[in-house]
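The values are calculated or read from the model by the stated rules, or taken from the named source; none is laboratory data. This is a predicted model, so every value here is computed, not measured. Counting neighbours? That spans all protein chains shown, and the Cβs are built from the backbone with ideal geometry, glycine included.
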Amino acid sequence: MKIPPAAGLAARVLVGAVLVYAGATKAAGPSEEFAIIIGSYDILPREMVMTAAAFLPWVELVLGWALIFGLRLKETAAASGALFGAFLVALGMVKLKGIQLPNCGCFGDAIHFTPLQALAFDSVLLGLCWLAWKSAPAALSLDSWTEGGYTDPAHGQR
């Protein structure tokens, strides 16, 4: 299935912008606040919660900017998809355990989704990651510049 270049570009920029915004809002606040939310999921061992709270926002920022700029697009889209897949598993586990979260923690204090809203949102973002992955290699990406230019596989043109 051939993905139109504009659809792949839109998918990667949209997912990248969400990741950058999510990472920035969490990185701007105290890690301890995010750690409380991560801990309330009751998935990670207690000794790993603070490390995850300090590390995860920066992973989101790096992946987000890499998607926006099209750097190692296949790998970055796959890693972003894996991240959203992990979020979906965590949210599913919360629902199965009957844990009542005050919010999902997706955007720090900026936006508060219920777990069901976060499940829907992350599902859409996972689909967009697939679209970005499928569209690689892509025009208007750092990959196309570093690999000697973009060649349209359908037409053999740059």
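Tabulated data for the structure shown
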{"quantity": "In segment 23-51, residue nearest to the chain's Cα centre (by Cα) [restricted to those that are within 18 Å of ALA110 (Cα to Cα) and polar (S, T, N, Q)]", "calculated": "THR25"}
{"quantity": "Residue among ILE3, ILE37 that alone is in contact (Cβ under 8 Å) with a residue 12 or more places away in the chain and assigned to a helix (DSSP H, G or I)", "calculated": "ILE37"}
{"quantity": "Pick from segment 84-102, criterion of a type outside the set (A, V, I, L, M, F, W, C) and within 18 Å of the chain's Cα centre (by Cα), ranking: surrounded by the fewest Cβ atoms within 10 Å (Cβ to Cβ)", "calculated": "GLY92"}
{"quantity": "Filter result for the condition that a residue is touching a Leu at 6+ places or on another chain (Cβ under 9 Å), modelled with pLDDT of 95 or more, part of a helix (DSSP H, G or I) and among the aromatic types (Phe, Trp, Tyr), over PHE87, PHE55", "calculated": "PHE87"}
{"quantity": "Test for GLY70: is it modelled with pLDDT under 90, crowded, with 17+ Cβ neighbours inside 10 Å and at positive phi", "calculated": "no"}
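Residues checked against (1) outside any helix (DSSP H, G or I); (2) touching a helix residue (DSSP H, G or I) at 6+ places or on another chain (Cβ under 6 Å):
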{"position": "LEU96", "(1), (2)": "no, no"}
{"position": "LEU101", "(1), (2)": "yes, yes"}
{"position": "CYS104", "(1), (2)": "yes, yes"}
{"position": "ASP109", "(1), (2)": "yes, no"}
{"position": "ALA118", "(1), (2)": "no, yes"}
{"position": "SER123", "(1), (2)": "no, no"}
{"position": "LEU126", "(1), (2)": "no, yes"}
{"position": "CYS129", "(1), (2)": "no, yes"}
{"position": "LYS134", "(1), (2)": "no, no"}
